[in-house]
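First the structure, then my questions, so here it is.
The values are calculated or read from the model by the stated rules, or taken from the named source; none is laboratory data. This one's a predicted model, so the numbers in the text were calculated from it and none came from an experiment. Glycine gets a Cβ as well: all are built from the backbone with ideal geometry, and neighbour counts include every protein chain shown.
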Amino acid sequence: MLQISGTDGTSCGCSQPGWHVKHPLYRVWCNIKRRCYSSLASNYAYYGGRGITMHPAWRYSFKQFVADLPPRPGPEYSIHRIKNDGHYEPGNVKWATAKEQASNRRTRRDRGSIRKNSVWAGDTNLKEACRRARVPYTGVHAHINATDCTPLLAIGHFAQRRRLGLSPHSKLHIVDGLTLPEACRRAGVNHKSVRSRMKRRNESAQEALAHFADWKP
């Protein structure tokens with residue numbers, strides 16, 4: 001039977017497709033998956049970019065996600081991780097108001113000033129965060145010093161490149177709104193051949209891709 005997919009392309013795990021779309025928690029489920037697994041999400045750097053994931057049973061089954069959550073007290077409550085470095089999983093989530101979440105953030109800041117070698121003061125250091133996100137610590141540290149961005153944004157920058165199949169320091173080429181690897185995949189063209197031609201002929205990504213696309217049988 002056809003199953004509807006979530007925002008990261010995974011099935012909702014429901015035997016009756018469509019029933020969950022109008023469920024009040026469906027958007028909550030989608031938003032968690034987006035910020036944990038979609039590198040294009042605006043807040044990915046603060047979640048998936050630093051290694052935060054969703055419990056497999058929840059990620060692949062909206063029905064299980066709903067069954068495991070405590071009742072939502074009201075629409076003004078949003079899902080909140082009890083341990084900031086923990087995942088979206090049973091035992092580490094609760095419903096909290098915006099005021100409660102803001103209070104928790106202030107408590108974390110009060111533990112000490114946020115330094116460039118810390119992701120959150122008192123939570124985890126930069127090396128550990130890089131290890132969890134599987135990104136190079138030296139590259140992240142250099143990026144922070146060069147751009148004066150926050151540690152989370154630097155980690156997200158390298159995590160996104162890894163998810164796109166790019167080396168940490170290679171230039172990001174965009175063709176018609178797509179990254180070059182994705183554009184090559186859709187056109188059925190070898191990505192390495194396109195990069196090689198760009199280097200040899202000093203062509204743009206679009207020109208090199210068009211050359212191989214035009215010669216496809």
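Output the helices (runs of 4 or more DSSP H) that fall wholly within the range 132-217 and possess 3 or more residues being closer than 27 Å to Asn43 by Cα and modelled with pLDDT of 75 or more, or say none. Spell out the reasoning first.
Details: elements: 137-147, 151-163, 180-187, 191-201, 205-214.
Helices (runs of 4 or more DSSP H) meeting the threshold: 137-147, 151-163, 180-187.
Further, regarding this structure: Yes or no: Pro70 modelled with pLDDT of 85 or more, surrounded by fewer than 18 Cβ atoms within 10 Å (Cβ to Cβ) and in contact with a Lys or Arg (Cβ under 8 Å, 6 or more places away or on another chain)? It would help to see each step written out before you state the result.
Working: modelled with pLDDT of 85 or more: yes; surrounded by fewer than 18 Cβ atoms within 10 Å (Cβ to Cβ): yes; in contact with a Lys or Arg (Cβ under 8 Å, 6 or more places away or on another chain): yes.
Criteria met by Pro70.
Could you check the range 25-56 and list, in sequence order, the residues that are aliphatic (A, V, I, L, M), in contact with a Gly (Cβ under 9 Å, 6 or more places away or on another chain) and part of a helix (DSSP H, G or I)? So that I can check it myself, show each step before the final result.
Applying the first criterion (aliphatic (A, V, I, L, M)) to the range 25-56 yields 25, 28, 32, 40-41, 45, 52, 54.
Checking which are in contact with a Gly (Cβ under 9 Å, 6 or more places away or on another chain) leaves us with 41, 45, 52.
Within the range 25-56, Ala45 is the sole residue that qualifies.
Scanning for something in a helix (DSSP H, G or I) and at pLDDT 75 or above, does the range 108-117 turn up at least one residue?
no
Let me ask something else about it. Give the residue that is surrounded by the most Cβ atoms within 10 Å (Cβ to Cβ), with candidates limited to residues of the range 37-61 that are in contact with a Phe, Trp or Tyr (Cβ under 6 Å, 6 or more places away or on another chain) and modelled with pLDDT of 90 or more.
Trp58
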